[in-house]
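The values are calculated or read from the model by the stated rules, or taken from the named source; none is laboratory data. Computed from a predicted structure; not experimentally measured. When we count neighbours, we look across all protein chains shown, and the Cβ atoms used for this are built from the backbone with ideal geometry, even at glycine.
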Amino acid sequence: MIKIKNLHKKFGKVEVLKGLDLSIHSNTSSGGIVAVLGPNGSGKTTLIKSILGMVIPDKGEIKLQDKNILKKHQYRNNINYLPQIANFPSNLSVKELIKMVKDLRPKPTTDNNLIDLFGLLPFLDKKLGNLSGGTKQKVNILLTFMFDSELIILDEPTTGLDPISLLNLKKIILEEKQKGKTILITSHIMSFVEEMADEIVFLLDGKIYFKGTLVEIKQSTNQKDLEHAIAAILTTTNSKFN
Ligand SMILES: Nc1ncnc2c1ncn2[C@@H]1O[C@H](COP(=O)(O)OP(=O)(O)OP(=O)(O)O)[C@@H](O)[C@H]1O
């Protein structure tokens, strides 16, 4: 589904992606959840934004369903994206924002189910600027999941969520996977990744350092859980990259 070759991106003198190669295949019958991991500043968001066309790479190729995406925009209609920080217009109400996004993207929506699931009914007439961080994140999640798309990209989706909302988020992610969707997730919450991901992609020094299943990353580092596996990778590579 996604094929990236030799991707380079610099911001000023900071070289973030240094010839990154990555292939993600979706198994159309059962879908798949791929976790993009890496230390702070390793380029996870830059990679995601490159796939979305929000960051223009300096060099390299990105193909979605065998089609080159660079300098195109139509393909984005088939991606649902949850940004790490949602900068909502503070003077709009939740209801107005939902309507605005629906008008921008004329596709069928399931917003009413998500409003019920996340208990957003009492907040529909409230201004976005007055919402708590967790409630804003629930609105962010609603806007992401209300459309039906083949590829779903979630940048730190668990931020600010209470335990019930986290369970609801996990439920809707798994439902999308069962529908055959490909879901890319970045998260620093290793227990969440361990529970949800089918595959791990680990970014380090501008490239993919590891790609494989949870079992494989634990086996290759000889660790019992993902948190320790990641710590082991970082400890052994620290001397090399610092
Ligand atoms: N628009 C930008 N202008 C300048 N520098 C940027 C820009 N976007 C990202 N960077 C820099 O690129 C590097 C990678 O940032 P990025 O947000 O992709 O990392 P990340 O792996 O998602 O980090 P985190 O885990 O902290 O969210 C950082 O050094 C960041 O400061």
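Things to note:
- Selected residue [out of contact with any helix residue (DSSP H, G or I) (no Cβ under 7 Å at 6 or more places or on another chain), charged (D, E, K, R) and within 14 Å of the ligand (Cβ to nearest atom)] from LYS63, LYS95, LYS44, LYS71: LYS44
- Cross-chain or 6+ apart pairs with Cβ under 8 Å, region 91-110 first and assigned to a loop (DSSP other than H, G, I, E, B), then among the basic types (Lys, Arg): ASN91/LYS127; LEU92/LYS127
- Selection of region 156-165 for residues being in contact (Cβ under 8 Å) with a residue 24 or more places away in the chain and over 13 Å from the mean Cα position of the chain (by Cα) yields GLY160, LEU161, ASP162, SER165.
- Selection count, region 152-196, where residues are within 15 Å of ILE24 (Cβ to Cβ) and within 16 Å of the ligand (Cβ to nearest atom): 5
- Close Cβ contacts (under 9 Å, 6 or more residues apart or on different chains) running from residues in region 34-52 that are over 14 Å from SER23 (Cα atoms) to residues that are part of a helix (DSSP H, G or I) and near the ligand (Cβ under 6 Å from one of its atoms) comprise LEU37/LYS44; GLY38/LYS44.
- Contact map, region 2-17: first residue charged (D, E, K, R), second residue near the ligand (Cβ under 9 Å from one of its atoms) and modelled with pLDDT of 95 or more, Cβ cut-off under 6 Å, separation 6 or more or different chains; pairs are LYS9/VAL16; LYS9/LEU17; LYS9/THR46.
- Residue match in region 54-63 (condition: closer than 20 Å to SER149 by Cα and within 16 Å of the chain's Cα centre (by Cα)): yes
- Single residue of region 40-93 satisfying the filter (surrounded by 13 or more Cβ atoms within 10 Å (Cβ to Cβ) and small (Gly, Ala, Ser)) that is modelled with the lowest pLDDT: ALA86
- Condition met for LYS126 (basic (Lys, Arg) and closer than 22 Å to THR45 by Cα): no
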